[in-house]
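Step one of this worksheet: look at the structure below.
Just so it is clear, none of the values below were taken in a lab; they were calculated from the coordinates. Nothing here was measured: the structure is a model prediction, and the numbers come from that model. When we count neighbours, we look across all protein chains shown, and the Cβ atoms used for this are built from the backbone with ideal geometry, even at glycine.
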Amino acid sequence: MSGAGSAPPSTPLELRLEALSLEVGALRQRVEALEHRAPATVETPVVAAAPTVHPPGGGEALITLPLVGRTFLVLGGAYVLRALTEAGVLNTHAGVVAGLLYAALFLLLADRAGGSGARASAAYRGLASLAVALPLLVEATTRLAVLSPWNAAVLLLGFTSAVLAVACHRALPLLAWLTTLGALATAAALLLTTRSPLPPAACVLALAAGLLWLAPEAPWTWLRWPVALAADLLVAVVAGLAGRPAPVGVAPMAPIAAGTAIAFVLFLPLLYLGHFAIATWALRRRLDLFHRIQTPAALVVGFGGALHVAFAAGLGLAPLGLGGLAVAGAVYWISLRPRPSFTPADGDVGALMALALALAAAPLALQGLPLTLLWSTASLLAVLGAVGWLRPLLGLQSTAFALAAAIAAGVPAVAGRAFVGGLGGRGGPDAAYCVAAAAALAAHLIFSRGVARCPSLDAGTSRAALALTGAVGFCAWAGALAHAALALTAVSSPPAAAAVRSVVLALAALALALAGRFPLTARLAWLAHPVLVLGGLKLVFSDLRSGGTAPLVVSFAGYGTALIFVPQLRRWARRVEPAGDGDPPAASPRPPD
């Protein structure tokens, strides 16, 4: 009876069930632990694999001893080929070919390494290829005399283009920069050692043309700057050496024919102007800082170099002038055509380049009346464009053309003789003079009307254009009036001529003050006070020195009358004078008396 309350002993089945429940519990704990750790284990491969998409050096540091050692082994292999060539195992031509193929092999290996993601290894292999090929080209051209300067330039261009293609394709900007700088240094070495400027200059020009079409984003666009600078310098060197003997004590350069030099130096501005036209018109790109600086620089270097060569060789300048006018017209047409991606600022850059080219080229082909007609027509077209397209800069260009027409017609000389010249052999206005005077006055009136009707055109640029064009027209007509007055009065003494000229200046000041009364000519009124100042200076330094009582009476009477009535006419004219002509407008018109 004493053992009736004790638990019965466990059977083997119960023991097995208890052990199985313990194992299930352990498995459940493990599963829960794995479920809690699952996010970390899933994210860990992502974090580790993220840098391998574009690693800085394909898993390698930028500067590591194994990569440097591998590069030295590549250079050692190149020197093995050189030793075999010097020992006579390979002849000179075979040694040069073997060296270039050796450099090309490592360029292919660089491209392959870049494709697999090992960008640092690709960069080192590309640099090793450069270190083998570039010095070999110079040595094969100079010491070994295997390559001609033109062959060396072609090989330099081809190899540089291949390395740049690999660098751009595999996104290796450091390799691209070192390739570009190395190519420029090699071209300079070829120029100095071979004394032949055309081959390396042609290589650099071709390289500059190729770099223009790289992707328009950094860092590739910055490669264009050193190449463009080198191209400008080499073109200037070619233009300076063409037709010029070498200085005493300096090894002469290879002779360059004048025609070849002209065609070569003109390629530089045509290259950048052509890219300006294609990029802005066909590709619809905006002008960046590079084009705003390099295109005008290329225009100055190329066109100026062509003029220098033609003048030094005694060639005719008319073909250059006609060609420059044709190119200027094309640039104007491209710059002034409205396009969605072409801002007015971009068009203004092109128009300024066209203006400079036209002003430099036209006098080479035309003179006298034809040149005056050309500039006068251009002035009127520019002012019509300024009014029609609301482009104030075209108004300033119209002023520039009007001033060029006045200079071509001899307006400064003729007007100067009319007021301060002697009486003997006076040359009056001719047809060209009248054309320039009429065109300047017409351009001023057209622009003045356009500014009055379009308030958005009334800017500081427009006011400057109106003032300058009006001054050009007034000087021309005042000189013509002085010549006519001297001819009609038939004066024969300097005192009488001085009096006539003073009266003409006084009448001109009164007419200018009165012109402010009319809206179309109101902006000419500002010239009245400068004319009074000139009249006073002339009275003191010319009339008083000429002497003669009666002529002085006439001079003082005319000048005094102008001093009295010009301010009154100006106040009377301000009632209708438009704002922005240099004087403050009246608050309100005064009622009639």
Viscosity 0.692 mPa s, temperature 37 °C: give me the Stokes-Einstein translational D for region 366-490 in µm²/s, with Rh taken as the Kirkwood radius over C-alpha pairs.
225
Answer rounded, prolate or oblate for region 255-351, using the Cα gyration tensor with square roots of eigenvalues a ≥ b ≥ c: rounded when a/c is under 1.5, else prolate when a/b is larger than b/c, else oblate.
prolate
Inter-part gap, Cα centre of region 118-148 to Cα centre of region 290-317, in whole angstrom, is 34
Treat region 57-194 as a sphere of radius equal to its Kirkwood radius over Cα pairs and apply Stokes-Einstein at 25 °C in a medium of 0.890 mPa s; give the translational diffusion coefficient in µm²/s, rounded to a whole number.
161
For a protection proxy built on the mean count of beta-carbon atoms within 10 angstrom, sort 200-210, 511-521 highest first, please.
200-210, 511-521
Inter-site label distance for L270 and L369 at 7 Å from Cα along Cβ, in nm:
3.5
Would you mind putting 260-273, 146-159 in packing order, based on average other-beta-carbon counts within 10 Å, highest first?
260-273, 146-159
Treat each spin label as a single point 7 Å out from the Cα along the C-beta direction, and report the A188 to V420 distance in nm.
5.0
Among 318-325, 372-379, the order from most to least packed when residues are scored by Cβ within 10 Å on average:
372-379, 318-325
In sequence order, what are the phi-derived ³J(HN,Hα) couplings for region 358-370 according to the Karplus relation 6.51 cos²θ - 1.76 cosθ + 1.60 with θ = phi - 60°, rounded to whole Hz, with x for glycine and proline?
5, 5, 7, 8, 4, x, 6, 10, 10, 8, x, 4, x
Report the calculated FRET efficiency for I564 and A413 (r = Cβ-Cβ distance, R0 = 25 Å), to the nearest 0.05.
0.15
Rounded to the nearest 0.05, what FRET efficiency do V553 and D430 have when you use their Cβ-Cβ distance and R0 = 35 Å?
0.50
Please list, in order along region 254-267, the HN-Hα scalar couplings obtained from phi with the Karplus expression 6.51 cos²θ - 1.76 cosθ + 1.60 (θ = phi - 60°), rounded to whole Hz, x for Gly and Pro.
4, x, 10, 5, 4, x, 5, 5, 5, 4, 5, 6, 6, 5
